[in-house]
Every structure is written in C-alpha cells, then in structure tokens.
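Visitor: Please find one structure pasted underneath; my questions will follow.
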Amino acid sequence: MMSTEDKKETSESKPAAKPSPAAKEVELPQFEKGIADKIVGKFGEVTQISFVKPDRVGINVKKENVHQVAEFIRDELNFDHAESVSGVDYPQDKEIEVVYHLGSYTDPTLAKQVIALATRAPREENPIPGKDATRLPTLRDIFYSVEFYEREVFEMLGVYFDGHPDNRRLLLPEDWADLPPLRKDFAIKGR
C-alpha cells in the first residue's frame, strides 16, 4: 500500500498535462487563395468563396451572375472546360443548387486544380420542368462540355437551362410525368 508521501511523490513526478493550444488559424494554400482572390477582386460581393483547399476552390454565385463569372474563369483564369455538373436538392431552402466543376486542359499550372462554381435556382413544389421558375442560364456557350451534363440535371432535378440548344430528356422516357427522380421528395411507386 502506498503512503500519502509516495502518492504525492508519484503525482509530482508525472509531467503535468499540457493545456491544448488555442486553435491555430488555418493557413490557406497560396496558389488556390490567389485564384479565389482574383474572382472576388473582380466581382466583389456578387461571389462568395465557400472553401479554399489544396487543388480546390469553391465559389457560390447568384444565378443572375453565374454566366459572367464563368466567362471570367474561362477567359482570365484559363479554366477551359467543365469536368462535371451536379445538382443538390434543398427542399428546406426551396432551392436546387447546380455545381459546375471546372478544370483546364491547356494550362499545365492548373492541371490538378478544380473550381466548383455553384449557383441556385428556386425549387417548385409541383414542378413542371421547363415551364416553371426552376431555371438557370446555360453555360453551354462558355463550356461546350456541359451540354449533356445540363440535360441530365434538367431531367433528374427539373432545372431548365435557358439558352441551352437541346433541353430534352436524356435518360428517362419522353413521357415521364412524375417528379424529377433526384429530388428528395421523389418516391418510388409501391414502396
């Protein structure tokens, strides 16, 4: 059995636990921060940087400005193609977000870089794709590669792209009369 003297000695001989250091400010990758700064420098409050991390920059922009921001990204920053286009349904916000993942084939310094350019369209509770407010301007005239991606987002989420040369179904039957299948309130019949 340890005496109080031994316990005191043992506890004194143990190093005291160091208090955890205050949270350090995260240092942003300089190259990516430079890309984000150029976009914000040009468009100011029209854009909002959602994230800056190695090889990735996320930018949110209102639908009224997405076309001119995309042109700037192509013409001034050398991001020359859309690698993909995806969509996210936010029924609680009554919006659908469309995200363009932009890259560069022609500029070797941008080989690993991706800009995630995101914008949102209003979400109709009872959608009539192409005939309601769930609309965004197409980026097809800026990035040719979005042609089929935008068609898929139109079909799966009900976002109509104004100015797109071919807004028609790609995967579903032409007579599809149900909700777009990637909306959160879509339910498979019989389940």
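Visitor: Among 108, 28, 180, whose Cα sits farthest toward the positive end of the charge dipole of the chain (+1 at Cβ of Lys/Arg, -1 at Cβ of Asp/Glu, about the Cα centre)?
Guide: 28
Visitor: Compute the helix-to-body angle for 4-13: its Cα long axis versus the longest principal axis of the chain, expressed 0 to 90° and rounded to tens.
Guide: Taking the Cα atoms of the chain, the angle to 4-13 is about 50 degrees.
Visitor: What's the extension gain from residue 170 to residue 189 if we count 0.36 nm per residue and subtract their Cα-Cα distance?
Guide: 4.7 nm
Visitor: If each of residue 45 and residue 81 carries a label point 7 Å out from its Cα toward its Cβ, how far apart are those two points in nm?
Guide: 3.8 nm
Visitor: Could I ask something else about it? Quick check for me: using +1 on Lys/Arg Cβ and -1 on Asp/Glu Cβ, what's the dipole size of region 28-162 about its Cα centre, in debye to the nearest 20?
Guide: In total the dipole reaches around 280 debye.
Visitor: In the structure shown, do any of 53/94; 62/94; 131/189 have a Cα-Cα gap over 19 Å, and if so which?
Guide: 53/94; 131/189
Visitor: Of all beta bridges DSSP finds with both residues in region 28-162, what is the antiparallel percent, to the nearest 5?
Guide: The answer is about 75 percent antiparallel.
Visitor: Between helix 66-75 and the chain, what is the angle of the helix's C-alpha long axis to the longest principal axis, kept within 0 to 90° and rounded to the nearest 10?
Guide: Its long axis makes an angle of about 80 degrees.
Visitor: If you don't mind, there's one more thing I want to ask. What order, most packed first, do the peptides 44-51, 129-136 have when packing is the mean number of other Cβ atoms within 10 Å of each residue?
Guide: 129-136, 44-51
Visitor: Using the Kirkwood radius built from alpha carbon pairs, what does the Stokes-Einstein equation give as D for the chain at 4 °C and 1.567 mPa s, in µm² per second?
Guide: Diffusion coefficient, whole number: 67 µm²/s.
Throughout, read-outs are computed from the coordinates displayed, never taken from laboratory work. These figures come from a predicted structure and were not determined experimentally. Positions of Cβ are backbone-derived with ideal geometry, glycine not excepted, and every protein chain shown enters the neighbour counts.
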